Amino acid sequence: MSSIIRRAVLGAAAALALSSPVFAIAPDRQGLDEAWWTGPLLASGASTLPKGHALIEPYLFDAKPYGRFGADGKRRSAPDEDNIGSSAYLLYGVTDTLTAGFIPHLGYRRAGGRWSQGLGVGDVTAQVQYRLTQYKEGGRVPTISVMLQENLPIGRHDRLDERPNDGFGSGAYATTLGVNSQHYFWMPNGRILRTRLNVAYTRAGDAKVRGASVYGTAKGFAGKARPGDTLLANLAFEYSVTRNWVAALDVAWQRDAATEVAGVLDGAAVQRRYPVSQALILAPAVEYNFTPKVGVIVGARIVPAGRNVTASVTPAVAVNWVL
């Protein structure tokens, strides 16, 4: 064998050896403290706040319909609207495993060529979350928490005869029981993929209704409405591009049972049953984290498919601040 052939064979063997898993240079593994997170647009975290610490996370959004899906799943046209809203998570670490707080809601709407009279107050959500398990690096057990929410119906929902766009409440108490989980995975390039899974079920009570209301009743109506139960499942992904930048995506499915309305209008009995609705929800977003405790997220909640539900795009921005 000539010296040229010998050198070529040895060089190929060396290249093959260096390319094998034994000799390959593994990418740097990102540490948990090297990844900062704000959280995806929709899915709630499973962790609880340390005792004595607080979280403030205000959201600003505008839900704009681009159609409506019928019972057959086909999209049809819908009137142009703006449903501008704001929600703010105000949470406090009671203990290391128990977090409690409130989520107030505000709204401002344009529909039918008219705006609401002003900034409207919606219902308030009271929330407690208890952590059952805590993820440890290298372990298989995710962080898991049980969440309990109660809707406090302080927002206006009926007597909207003169201002139909001023309804931002439901008029009904509603209890939500949910389970939140969170896990970490390391990708082949060493970057972290954080996942969240939320499953929640909501059951509402009756709402007294007088006149025009958010339930589609007319002036002179007197009766009650019962919102249908809701089942929501949400799987979210966050990819740590750099320490500061994160790409996020929520994939959710929501089913709302039939809402029933019963009462009297002009001396005649009225009964109405809104059909069951289902929606596929996507929420792509980008996070930028200034510090481990301060970050901002920008994205959109999109309903691209469903039945008996509004097709909508909801741009949103939120700031996450842990104190």
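No lab work stands behind these numbers, since they all come straight from the coordinates. Just so it is clear, the structure is predicted and the values come from calculations on it, not from any experiment. Positions of Cβ are generated from backbone atoms using ideal geometry, with glycine treated the same way; all protein chains shown enter the neighbour counts.
Residue separation times 0.36 nm, minus the C-alpha to C-alpha distance between R76 and L98: what's the value?
3.4 nm
Per residue of the range 316-323, in order, report the coupling 6.51 cos²θ - 1.76 cosθ + 1.60 (Karplus, θ = phi - 60°) as ³J(HN,Hα) in whole Hz, putting x for Gly and Pro.
8, 9, 9, 10, 10, 9, 9, 9
For a label point 7 Å from the Cα of M187 along Cα→C-beta, name the residues of the range 284-321 whose backbone N is under 15 Å from it.
What the label zone holds, given the 15 Å backbone N cut-off, is 285-287.
For K293, which lysines qualify as cross-link partners when the Cα separation must be under 30 Å and same-chain residues fewer than eight apart are set aside?
K51, K136
Let me have the relative contact order for the chain, percent, based on Cα pairs under 8 Å that are six or more residues apart. Numbers along the way, then the final one.
On the way: 943 pairs, mean separation 60.1, N = 323.
Once divided by the residue count of the chain, the mean separation gives 19 percent.
Name the trypsin sites (Lys or Arg not before Pro) in the range 76-182 that are in a loop by DSSP and that have at most 15 other C-beta atoms within 10 Å, would you?
Answer in residue order: K136, R140, R159.
Could you please report the charge total around R68, scoring K, R as +1 and D, E as -1 over all other residues with beta-carbon less than 15 angstrom from its beta-carbon?
+1
Hey, rough spin-label estimate for R272 and V313, points 7 angstrom out along Cα→Cβ, what's it come to in nanometres?
It is 3.0 nm.
In degrees from 0 to 90, rounded to the nearest 10, what is the angle of the helix 3-19 Cα long axis to the longest principal axis of the chain?
Between the helix axis and the principal axis of the chain, the angle is about 30 degrees.
How large is ³J(HN,Hα), in whole Hz, for each residue of the range 258-271 in order, when computed from phi with the Karplus curve 6.51 cos²θ - 1.76 cosθ + 1.60 and θ = phi - 60°, using x for Gly and Pro?
3J(HN,Hα) across the range 258-271, in whole Hz: 4, 8, 10, 10, 9, x, 10, 9, 6, x, 10, 5, 10, 9.
Taking H as built 1.01 Å from N, whose amide H comes closer than 5 Å to the amide H of Y59, not counting residues under 5 places away?
S87, A88, Y89
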